[in-house]
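Derivation of every value follows stated rules applied to the coordinates shown; laboratory data play no part. Predicted model only: the values in this text are computed from it and were never measured. As a convention, Cβ positions derive from the backbone with ideal geometry for all residues, glycine included, and neighbour counts pool all protein chains shown.
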Ligand code: BGC
């Protein structure tokens, strides 16, 4: 008895000591434990770990204490529960925090919010028992037509890198893995599972890779998802060059390469070319999928047993999975429990929407609405339409979702009379409806102000996903024209009431040419999440001063876009050549003198900012740029100053401007602050594809500081060796 007591005391003491001394394990310590586990595993157990055993899980090994690996979409909220084989537990409370989508996050230009965004996701994922959250999505926004632009962030790799790193750290600090996706060149949804993307080494290195590189080398992302398309003739998810060479060898990625769902096409290539975990469900919604039939399933066991495939390849994949499991305390550790649907998570959603919504145009101080506003005619289907469940795999069952109309009612107070008319029908290929326009015109002419809430939509349930979704996975927009006859509606309403505000929801630009000149105020609201309606209303009523800036250029017409003008889209059905090369977004508009409707980095405020005192100093390989910004208006506001560089004398063509830094300053009325940006030598380099390496040419560089890529406030120059 005494011995038992002694043993119990020793045991509890050692548990306590262990907890007290708990420290993150070093890679070396993890490697020893991983090797030990692998030595104890059967081949069948190892293979069980490298392919899905349900839509969102892969198998663990119970007898060795290795848990199942549980994944969940997605980029802006933990997806509603799918459960093994699509059996949805009835009682599960899977309605969670619905954050603004990726493009709205990027429009904040505030990396600290990137971190907070990730922290909410990580915390809710942990609470829901998820080990991996399948985000962020960071593919370059190359064409306005891409149905998934709303999930992505920007046309600019520098902005993406800054925002994605914050997001990833935010998720992973909660003990959950992020999964950066979709590696590589998944820039359109149309034909995504068949096309072969061709681009130059220069475009690859300067535009398409840097976001992923930052996610891996700075963000230390634990997992990465390969994309559906081919890249230079080989499927991206099982691509030797992308995965073995660039990701694992050059960048030293130690985590797990997860296939996109159903993106593996060959056992051999997946095993040799670096795919670590095959996910998917080729049998769709059927209740019993035979996961053993996956490319990385039973076939692998047979091949290894027959001596046709070395077992070390399988060990290597298992090693990576176990490494991430140890890193995130899935094995012998303590995971932070996480929180769900807290007020603070909802406040983060609100904050991101407030900083991400962009005021595009504001003539005659139409906004903010003044206290004299007594009546508002709200018009447009998007004013009342919930969006959270739309868009495909990124859908979220929102705990609640404040629509624009609800937000306006919440914020306006009882003294303002608000009417609502739908204005248009959401119907693919639908045209304007004369009766609805007439109703809208009537309402607008009787009100002090008309607010039209329209734009794109992404359908609010599965049935609508395909039929009426424009911003949605697996589908691209047919063109950039406003759907459902909205141009006609806007023109008629503006005529009836010149004090009209147009609010656009959506993952990117619409062609505004039919009404922009006569419309005094335009707001780009993206998909602003569960608190979006409140954020929008606070901006409209001036309780929040807008500070969002466009993370992508808004062209006047689709034909102006480089992907359509210089490059190919959607390709010939087999390949897509990115002949637009490095000239994506503003890099194209500025270099080729094409005027966009609204420039990259553009976004208005209700106050004004004065820039001055530019100082540039160069020492020990660093260039330090500092300048002052003063809020010269009467209310507090925030300004994102952007630093672009331009090489004066060129050896190889370079864009007119390249973003290399930015700073968001929060300034009270009359306040002045100094922004300091530091460039290291990499900032001056470009990828010379004749030499196959990054180079920098000695010479003068212009330092161009703007409130947008077009609104330049300060310029200087520096000689760089
Ligand atoms: C999407 C991924 C998503 C996965 C799982 C795929 O169709 O492309 O982004 O994470 O499904 O739902």
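The figures follow:
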read-out	value
For the range 343-552, the spread of Cα positions along each principal axis, largest first, Å	44, 43, 30
Share of Cα-Cα pairs in the chain lying beyond 38 Å, as whole percent	38
Cα centroid separation - the range 607-676 against the range 139-212, whole Å	26
Value at 222 nm in deg cm²/dmol, rounded to 500, when DSSP H runs of n ≥ 4 in the chain each add -39,500 (n - 2.57)	-8000 deg cm²/dmol
The chain, relative contact order in percent, only Cα pairs under 8 angstrom and at least six apart counted	14
Estimated D of the range 121-267 in µm² per second, where Rh is the Kirkwood radius over Cα pairs and Stokes-Einstein applies at 37 °C, 0.692 mPa s	216
Taking all pairs of distinct alpha-carbon atoms in the range 511-603, Kirkwood radius in angstrom	15.4
Global form of the range 374-451, assessed from the alpha-carbon gyration tensor, a/c cut-off 1.5	oblate
Cα centroid of the range 689-721 to Cα centroid of the range 330-347, whole Å	43
Sites residue 365 and residue 28, calculated FRET efficiency, Cβ-Cβ separation with R0 51 Å, nearest 0.05	0.25
Cα gyration tensor shape for the range 25-86, rounded if a/c is under 1.5, else prolate or oblate	oblate
Where only C-alpha atoms are counted, convex hull volume of the range 296-384 per residue in Å³	273
Relative contact order (%) - the range 609-720, alpha-carbon pairs under 8 angstrom, separation at least six	29
Rel. contact order, % - alpha carbon contacts under 8 angstrom, at least six apart, the range 343-552	36
√(5λ) per eigenvalue of the Cα gyration tensor, the range 609-720, largest first, Å	30, 13, 11
Cα-Cα P(r), the range 155-242, percent of pairs per 10 Å interval	18, 46, 31, 5
Cα shape, the range 568-660, gyration tensor, a/c 1.5 rule	oblate
Between the range 552-592 and the range 393-419, the Cα center-to-center distance that results, in Å	36
Antiparallel content of DSSP bridges confined to the chain, in %, to 5	60
